[in-house]
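Q: Before I ask anything, here is the structure I am working with.
The values are calculated or read from the model by the stated rules, or taken from the named source; none is laboratory data. As the structure is a computational prediction, the values presented were derived from the model and not from experiment. Cβ: placed from backbone, ideal geometry, glycine included. Neighbour counts: every protein chain shown.
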Amino acid sequence: MHKIDIELIEMTLDVMKYAIGRISATEHHIGKPKKAEELKALVGDTITEKGIGGEYAFNLWKEHLSKANVPVDHPRNLAFVPASPTRAAVMFDLVTSASSIHGAYWMEGAGGIFCENEAMQWIVSLTGMPEGAFGVFTSGGTAANLSAIVTAREYWRRDDTYKREKGLIITSIGAHSSIKAMAKVADVDILLVDTEEKLTGIALQETIENLTFHQRKRLFAVVATGGTTNAGIIDDLEGIAKVCKAERLWFHVDAAYGGGALAADSVRPLFKGIEKADSITIDPHKWMFSPYDCGAVIYKEPELAKEAHSQQGSYLDIFKDEGAHGFNPTDYQIQLTRRVRGLPLWFSLATHGTDRYKESVERGIELAQIAGRMIEADPNLELVREPSLSCVLYRRKGWKPEDYTHWTYENHNKGFALVTPTKWKNGEVYETVSRFCFINPDTTEKDIQLILNSMV
Ligand SMILES: *Cc1c(COP(=O)(O)O)cnc(C)c1O
């Protein structure tokens, strides 16, 4: 398996050809999922004692399996938070794989980690956090949020008074599902302020004042959102930062989706206050055009993360020795062995420069504004709220929830577009509405118009 022969050389060329095709393609097909049984019927047994051979397996991939995926970088894939990795980043993802770098410790991965840190330095600079703030790349926003919550909780429990208390955090219902999920993992209770609109410092203060004595004792952190996943809403970060400071609470900003917009001058002022955060989550695999998977967590005081996450073991002692000194990404998040997943981002940033990133993010924001105007111009359609960042929520007048679902499947089945409905909380009711999220700068105005026209 580890030898080189002519078959291996041929396979290498085939794989490269496929990768080149994918990287240089200007059009992609929107694939469709199939049931596992259907896929099994198409490909048969793939794992056998003798193997089916690389060429045969690769053909199965090309013929059947690759087509059961929806490429996230299709210009008419506007569902959830799509993605649009740059071609340079995808290329360097290949290099990252080919280089077999263990990205946990400087001793083994210095070159790769150096590159990651160059990219991280730029991200940190966008936040405006003070000198000393730094971060690491994680598998995604979920892992970043967990790493931050655990760091905050460990810091809080330094004080013996809280050693046996179950922690409590406050966020709003606009927060991403991963906050709730990760609070569960960290065994922390969560209190949701009931607003999908901007969480304000005033609402936070009121919520704190209404806590019982014991709840207040257990409260250790607040999670604000820097661009809600559903609607692109940025909480009142400045106001929340003030309350957190006065109440001595850890201030985490989840900007997994919205973080890329820190690069966009047109909306940067909306993030005022983010520089006061104790920790921030940003997903380069969302709006910084990295391939999956690449999240990031940044800390005002990275030493606190190290106290929470640094792993101890006799087999790891060598990494703490003189000579191995350098930045060890494993110390600042939950994972030990890790891919140097910031490397593709570094190469793309180095290739294109940060101005191009600014422009590409601005384009997503502009597309949301353009879509908003098209929606207002169409008598059948109506904005639910003004577009925010690159999210647009709108309704097709007269449509019931099932109409939206039907429309989604119809467009998907035709291989035309993937646009999915969501719910928006209006007073006490959750209304089903349609949603766009723009990431891909190659999405055109015509794409948007065609999608809107399909809502007849
Ligand atoms: C997407 C998202 C997450 C989760 O990030 P993953 O990379 O999918 O783990 C967390 N928070 C927000 C605000 C998000 O948009």
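Q: Taking the range 241-268 only, how many residues are under 16 Å from T354 (Cβ atoms) and surrounded by 24 or more Cβ atoms within 10 Å (Cβ to Cβ)?
A: Number satisfying all stated conditions: 5.
Q: Can I190 be described as over 20 Å from the mean Cα position of the chain (by Cα) and within 15 Å of the ligand (Cβ to nearest atom)?
A: Taking the combined requirement at face value, the residue satisfies it.
Q: On to the next question. Could you grab me the full set of residues in the range 198-237 that are away from the ligand (no atom under 16 Å from the Cβ) and of a type in the set (K, R)?
A: Once the filter is applied, which keeps residues that are away from the ligand (no atom under 16 Å from the Cβ) and of a type in the set (K, R), the range 198-237 yields R216, K217, R218.
Q: Please find, within the range 238-274, the residue that is nearest to the ligand (Cβ to nearest atom) out of those that are among the acidic types (D, E) and either closer than 14 Å to I208 by Cα or in a helix (DSSP H, G or I) (or both).
A: E238
Q: Please tell me if N77 is surrounded by fewer than 23 Cβ atoms within 10 Å (Cβ to Cβ) and of a type outside the set (S, T, Y).
A: No; evaluated as a whole, the condition is false for this residue.
Q: Here is a list of conditions, (1) surrounded by fewer than 24 Cβ atoms within 10 Å (Cβ to Cβ); (2) within 18 Å of E118 (Cβ to Cβ), and A296 meets all of them except one; can you say which number that is?
A: With (1) surrounded by fewer than 24 Cβ atoms within 10 Å (Cβ to Cβ); (2) within 18 Å of E118 (Cβ to Cβ) applied to A296, the lone miss is (1).
Q: Among the listed residues T229, T225, which satisfies the condition of being part of a strand (DSSP E or B) and either at pLDDT below 95 or closer than 21 Å to M182 by Cβ (or both)?
A: T225
Q: Out of T161, T151, T171, which single residue is in the same structural domain as I334 (by TED's automatic domain parsing), more than 9 Å from the ligand (Cβ to nearest atom), out of contact with any strand residue (DSSP E or B) (no Cβ under 9 Å at 6 or more places or on another chain) and of a type in the set (S, T, Y)?
A: T161
Q: Pairs under 9 Å by beta carbon, first residue outside the structural domain of P130 (by TED's automatic domain parsing) and away from the ligand (no atom under 11 Å from the Cβ) in the range 280-297, partner at pLDDT below 95 and polar (S, T, N, Q), six or more apart or different chains?
A: Partner pairs satisfying both residue conditions: none exist.
Q: Being within 11 Å of the ligand (Cβ to nearest atom) and either part of a loop (DSSP other than H, G, I, E, B) or not polar (S, T, N, Q) (or both) is the filter here, so list the residues in the range 116-147 that pass it.
A: Scanning the range 116-147 gives S139, G140, G141, A143, A144, L146.
Q: I've got another one for you. Looking at the range 202-236, which of its residues are surrounded by 15 or more Cβ atoms within 10 Å (Cβ to Cβ) and over 25 Å from R157 (Cα atoms)?
A: The answer is A203, G226, G227, T228, T229, N230, A231, G232, I233, I234, D235, D236.
Q: Mind listing whichever residues of the range 294-343 are touching an Asp or Glu at 6+ places or on another chain (Cβ under 8 Å) and assigned to a helix (DSSP H, G or I)?
A: L304, A305, K306, E307, A308, H309, P329, L343
Q: Let me ask something else. Of all residues in the range 9-27, count the ones that are of a type in the set (A, V, I, L, M) and free of Cβ contacts under 8 Å to residues at least 40 places away in the same chain.
A: Looking only at that region, the number is 5.
Q: Quick one: what pairs do we get from the range 163-179, first residue over 20 Å from A231 (Cα atoms), second within 9 Å of the ligand (Cβ to nearest atom), C-beta under 9 Å, 6+ apart or different chains?
A: Short answer, once both residue conditions are applied: I169/I179.
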